[in-house]
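Chemist: Take this structure first; my questions come after.
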Amino acid sequence: MTAEENAKNIAENEARILELEAVVLGNKSRAYDHRSLIEENRMMLLSNYTAAFAGNRQLANMNTDAIFSNRIAFLRTLSPENDVQTNFVNSQINKARLDALVHRAALNSKVIEISARMAEINAQLIDVNRAIMQANEEIVAFNVAQLAANSAMIAGEHSMAEATVSANAVVISTNAEIIADLGSTASENSAKLEEHLTKTLENRESISQNKAEISERRTKIIVNRAIIASNRAKIARG
């Protein structure tokens, strides 16, 4: 091995490194862009959750309560003329109350089920946060090691005066191996990013569709509310 051969191999490594920099740094940019899209999706999901649960759900529940209140109020306006008619009114009142309770019990089951799923999601988010913290720790540890390498270099360790052709050849060969491994990793990351970005954009479409459906349902709830109010007025007028 000669210095000229080392120089040739160094130049080849440098050309590959330039290519890898374009891929790796491009992946970095795409990864953070992907992360921002995921965060935007999460904010939109939370907005949809609030609109559906704190908004539509509560309004719909108020309509349910008002519907049964109207029904019972109407039944109480009736004037039974005999025991059979009295029993009819009272049994219908009981039926209305039971219908409301059966409906409420079914909804309670749904609330419990959904809450359990949300708790599972929260546990997954905790794991994600731990993964982020671990990645941050790895960055800090890497920086500590590289700071130590800088300090050693500044202190005169591994100086040019100690360089030899064979020692340089070992570093050059090691660099070539790292380049090969890094190329594989960068290619895998590019493929994963493409796959994940496609899924993220599909999620965005689903979230947008949900938002439109929530808005349409809000309109129906408001229409129902108007009918309920009209029925209440008729009952009040007798």
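The values are calculated or read from the model by the stated rules, or taken from the named source; none is laboratory data. Just so it is clear, the structure is predicted and the values come from calculations on it, not from any experiment. With ideal geometry, Cβ positions are generated from the backbone for all residues, glycine too; neighbour counts draw on all protein chains shown.
Chemist: Name the residue, out of Ile154, Ile178, that is hydrophobic (A, V, I, L, M, F, W, C), at pLDDT 95 or above and over 33 Å from the mean Cα position of the chain (by Cα).
Modeler: Ile178
Chemist: List every residue pair whose Cβ atoms sit under 7 Å apart, with the two residues 6 or more apart in sequence or on different chains, where the first one lies in region 165-176 and is hydrophobic (A, V, I, L, M, F, W, C) and the second, anywhere, is not in a helix (DSSP H, G or I).
Modeler: That search, which allows pairs on different chains as well, returns Val165/Met1; Val165/Thr2; Ala169/Met1.
Chemist: Determine which member of the set Ser208, Ser166, Ser215, Ser173 is of a type in the set (Ser, Thr, Tyr), over 25 Å from Ser29 (Cα atoms), assigned to a helix (DSSP H, G or I) and at pLDDT below 95. Give the derivation first.
Modeler: Details: Ser208 fails: at pLDDT below 95; Ser215 fails: at pLDDT below 95; Ser173 fails: at pLDDT below 95.
Within the list Ser208, Ser166, Ser215, Ser173, the selection yields Ser166.
Chemist: If I go through region 39-61 residue by residue, how many of them are among the aliphatic types (A, V, I, L, M) and in contact (Cβ under 8 Å) with a residue 60 or more places away in the chain?
Modeler: Number satisfying all stated conditions: 6.
Chemist: On to the next question. Would you mention how many residues in region 77-86 are surrounded by fewer than 12 Cβ atoms within 10 Å (Cβ to Cβ) and either over 17 Å from Ala233 (Cβ atoms) or among the basic types (Lys, Arg) (or both)?
Modeler: 5
Chemist: Right, next: What about Ser187, is it touching a residue at least 12 places away in the same chain (Cβ under 8 Å), more than 30 Å from Ala54 (Cβ to Cβ) and either in a helix (DSSP H, G or I) or in contact with a Leu (Cβ under 8 Å, 6 or more places away or on another chain) (or both)?
Modeler: yes
Chemist: Can you confirm whether region 141-151 contains a residue that is in a helix (DSSP H, G or I), over 41 Å from the mean Cα position of the chain (by Cα) and farther than 30 Å from Asn41 by Cα?
Modeler: Yes, region 141-151 contains at least one residue that is in a helix (DSSP H, G or I), over 41 Å from the mean Cα position of the chain (by Cα) and farther than 30 Å from Asn41 by Cα.
Chemist: Within region 78-95, is there a residue that is touching a residue at least 24 places away in the same chain (Cβ under 8 Å) and either among the polar types (S, T, N, Q) or in a helix (DSSP H, G or I) (or both)? Show your work before the answer.
Modeler: Taking region 78-95 as the starting set, the residues that turn out to be touching a residue at least 24 places away in the same chain (Cβ under 8 Å) are none.
Within region 78-95, none of the residues are touching a residue at least 24 places away in the same chain (Cβ under 8 Å) and either among the polar types (S, T, N, Q) or in a helix (DSSP H, G or I) (or both).
Chemist: Which residue out of Phe53, Phe68 is surrounded by 10 or more Cβ atoms within 10 Å (Cβ to Cβ), in a helix (DSSP H, G or I) and modelled with pLDDT under 95?
Modeler: The conditions single out Phe53.
Chemist: Looking only at residues that are touching a residue at least 24 places away in the same chain (Cβ under 8 Å) and of a type in the set (Val, Ile, Thr) in region 191-221, which one is farthest from Glu39 (Cα to Cα)?
Modeler: Looking at the filtered set, the residue picked out is Ile221.
Rundown of residues vs (1) under 30 Å from Ala3 (Cβ atoms); (2) of a type outside the set (Gly, Ala, Ser); (3) in contact (Cβ under 8 Å) with a residue 40 or more places away in the chain, yes/no style:
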residue	(1), (2), (3)
Asn129	no, yes, no
Asn136	no, yes, no
Ala155	yes, no, no
Gly183	yes, no, yes
Val223	no, yes, no
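Chemist: Pick from His158, His103: which is surrounded by 10 or more Cβ atoms within 10 Å (Cβ to Cβ) and outside any helix (DSSP H, G or I)?
Modeler: Just a single option satisfies the conditions, and that option is His158.
Chemist: Now for a separate question. Which of the residues that make up region 87-100 are aromatic (Phe, Trp, Tyr) and surrounded by fewer than 13 Cβ atoms within 10 Å (Cβ to Cβ)?
Modeler: Scanning region 87-100 gives no hits.
Chemist: Can you confirm whether Ser208 is surrounded by 14 or more Cβ atoms within 10 Å (Cβ to Cβ), touching a helix residue (DSSP H, G or I) at 6+ places or on another chain (Cβ under 9 Å) and hydroxyl-bearing (Ser, Thr, Tyr)?
Modeler: So Ser208 does not fit the description; no.
Chemist: Follow-up. Of all residues in region 2-35, how many are basic (Lys, Arg) and surrounded by fewer than 15 Cβ atoms within 10 Å (Cβ to Cβ)?
Modeler: Result for region 2-35: 3.
Chemist: Right, next: Quick one: would you say Ile228 is at pLDDT below 95 and surrounded by 12 or more Cβ atoms within 10 Å (Cβ to Cβ)?
Modeler: Judged against the criteria, Ile228 is not a match.
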